[in-house]
Amino acid sequence: MRILAIISGEYGERHVANIRTHGPESWHIETWQAPKVLPPVIDYPEDYIPESLPQAELILSFAEHKGVAELLPELAQMTGATAVLVAVDDENWLPRGLARQLLGWLDRINISCVTPKPLCSLTESDYGITRRDRVGYDDPLIAEFARYFGKSEINVQVDPDTRTISASEVQRDATCGCARYVAENIIGLSVDEVEEKAGLLHHHFPCLASMVKLNDFNHDTLMHESGHQLVDYIGEQIKPFKDTRYITPGKRSEG
C-alpha cells in the first residue's frame, strides 16, 4: 500500500515513525510537510500545495491546522488516492462543521474518508465521533491500515497462582505507539493494580491528544477518552482474576 502522510509537527512525525517501524514492510510511506500558516478561507488550494507529490492510495492527515482539510480534495486527486484518514486528536484541527463539509467534498469525487475522534477509536469497520456515537465505513485501504493501527488492543495473560500479568501481546497498536509502550510495561503487575498503572503509562507515554474538555465526551478530554478505551480493553480480560470482596451491611467482610 502506498501512503502519503501529511504532517506539520511533532505529533505527525511521531505517528509516521511508529508506522514505519511497526507497519508491514509492503507499505511505502512518503510525507508532505503542510504549510504552517494558512488563511482562514482558502480560495485557491493550488497556491498552497506543491506542483507534484508521490502517487498514493491512502492519505493520512496528521496536520495540526484546520486549513489543511480544505486542501485534501486537491491532494487526493493529485496523488491518485482513493481514501483519506484525518486524525482528530484535537477538535481545533477539524471542527465538526468542517468535518461534515470535508466528507461531502470527498464523497462527490468518490473518495472515502474517515475522521476518527480520537484517532485511536478507529477499527476495521467504524470509528468514534463522540463518546457514544460511532460511524461505520466500508473501505479496504482504511480497513487495512486499521488492522495494525487504531483502537488499542492488548491481549494479556495472567498467572493464576500469582495473579500477575505474565505476558502481553499487541494485536493493534495506537498509531502513536502508546499501546506497545503500555504492553511492555505492565508485565509483572498485579491484576488489582494493572488498570490504574496502565492508565498512568498511557498518559506518561505521553498521549498527544487534546486536554480540552468536550461536551460530547461528557465534559472529558480526548486524551482521557483514549486512555479509557485502552484500560477498559485490559480490564475485561482480567475480571476473572480480580480479588472481588462483597460487603454485607451490618457485617464484617471476610477475607
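Name the residue that is surrounded by the fewest Cβ atoms within 10 Å (Cβ to Cβ), counting only residues in region 193-235 that are small (Gly, Ala, Ser) and part of a helix (DSSP H, G or I). Only one residue tops the list, namely Gly235.
Hey, does region 93-116 have a residue that's more than 30 Å from Asn185 (Cα to Cα), out of contact with any Lys or Arg (no Cβ under 8 Å at 6 or more places or on another chain), of a type in the set (Asp, Glu) and free of Cβ contacts under 8 Å to residues at least 24 places away in the same chain? Yes - at least one qualifying residue is present in region 93-116. Of all residues in region 7-50, those satisfying the criterion of being over 21 Å from Ala209 (Cα atoms), at pLDDT 90 or above and acidic (Asp, Glu) are Glu25, Glu30.
Residues in region 236-255 that are modelled with pLDDT of 95 or more and surrounded by 15 or more Cβ atoms within 10 Å (Cβ to Cβ) were compared, and the one that is nearest to Ala63 (Cα to Cα) is Gln237.
Looking across region 63-83, the residues that are small (Gly, Ala, Ser) and free of Cβ contacts under 8 Å to residues at least 60 places away in the same chain come down to Ala63, Gly67, Ala69, Ala76, Gly80, Ala83. Note on region 153-179: residues that are of a type outside the set (A, V, I, L, M, F, W, C), out of contact with any His (no Cβ under 7 Å at 6 or more places or on another chain) and closer than 15 Å to Ile19 by Cβ amount to 2.
Checking Pro73, Pro118 one by one, the residue that is under 25 Å from Met223 (Cβ atoms) and either modelled with pLDDT of 95 or more or not hydroxyl-bearing (Ser, Thr, Tyr) (or both) is Pro118 and no other. The set of residues from region 146-159 being under 14 Å from the mean Cα position of the chain (by Cα) and either surrounded by fewer than 24 Cβ atoms within 10 Å (Cβ to Cβ) or charged (D, E, K, R) (or both) comprises Ala146, Arg147, Tyr148, Lys151, Glu153. Of everything listed in (1) within 21 Å of His22 (Cα to Cα); (2) within 16 Å of the chain's Cα centre (by Cα); (3) surrounded by 20 or more Cβ atoms within 10 Å (Cβ to Cβ); (4) not polar (S, T, N, Q), the single unmet condition for Ala183 is (2).
Conditions tested, residue by residue: (1) among the charged types (D, E, K, R); (2) surrounded by fewer than 17 Cβ atoms within 10 Å (Cβ to Cβ).
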| residue | (1), (2) |
| --- | --- |
| Ile29 | no, no |
| Asp47 | yes, yes |
| Gln55 | no, yes |
| Leu58 | no, no |
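Within the set Ser26, Ser52, Ser8, the sole residue that is outside the structural domain of Phe205 (by TED's automatic domain parsing), among the small types (Gly, Ala, Ser) and in contact (Cβ under 8 Å) with a residue 40 or more places away in the chain turns out to be Ser8.
Give all pairs with beta carbons closer than 9 Å in which a residue from region 182-194 that is under 18 Å from Glu153 (Cα atoms) meets a residue that is assigned to a loop (DSSP other than H, G, I, E, B) and aromatic (Phe, Trp, Tyr); count only pairs at least 6 apart in sequence or on separate chains. Correct list of pairs: Val182/Phe205.
The condition (being without any contact (Cβ under 8 Å) to a residue 60 or more places away in the chain and among the hydroxyl-bearing types (Ser, Thr, Tyr)) is satisfied by just one residue among Ser168, Ser121: Ser168.
The values are calculated or read from the model by the stated rules, or taken from the named source; none is laboratory data. Quick caveat, the model's predicted, so the values are computed rather than measured. Using ideal geometry, Cβ is built from the backbone for each residue, glycine included, and neighbour counts are taken over all protein chains shown.
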